[in-house]
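Can you read through this structure? Questions will come right after.
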Amino acid sequence: MKSYFYYWLQEISPSVYQLRGFTPEEVMQQSLEEVLCPNSIQVVINVMENALKNIASGIILPGRLYELEQPGRGAKILPDCYHR
């Protein structure tokens, strides 16, 4: 599944290596599909679509936390949080 919106990572903690088995440099080069598990990608897409609709309507909602899953080397899956 290829996402249709542009995303970028601004900074990656060196601890990503202990958590996911990738260096920060490797993660910076990964696509969204490599950074998040499929169900988490859908969560991000839904959140972004709703946020854009709300902003276009002049509605600004407070931030929320979402649990997202990130794949690691060796097929391990790690929970992470995303704040909007």
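In nm, to one decimal, how far is the Gln29 label point from the Asn46 one, both placed 7 Å along Cα→Cβ?
Spacing of the two 7 Å Cα→Cβ label points: 3.4 nm.
Extension gain Asn54-Trp8, at 0.36 nm per residue separation less the Cα-Cα distance, in nm?
14.4 nm
Read the figures in this text as sums done on the coordinates, not as results from a lab. Model, not experiment: these values are computed from the prediction. Counting neighbours? That spans all protein chains shown, and the Cβs are built from the backbone with ideal geometry, glycine included.
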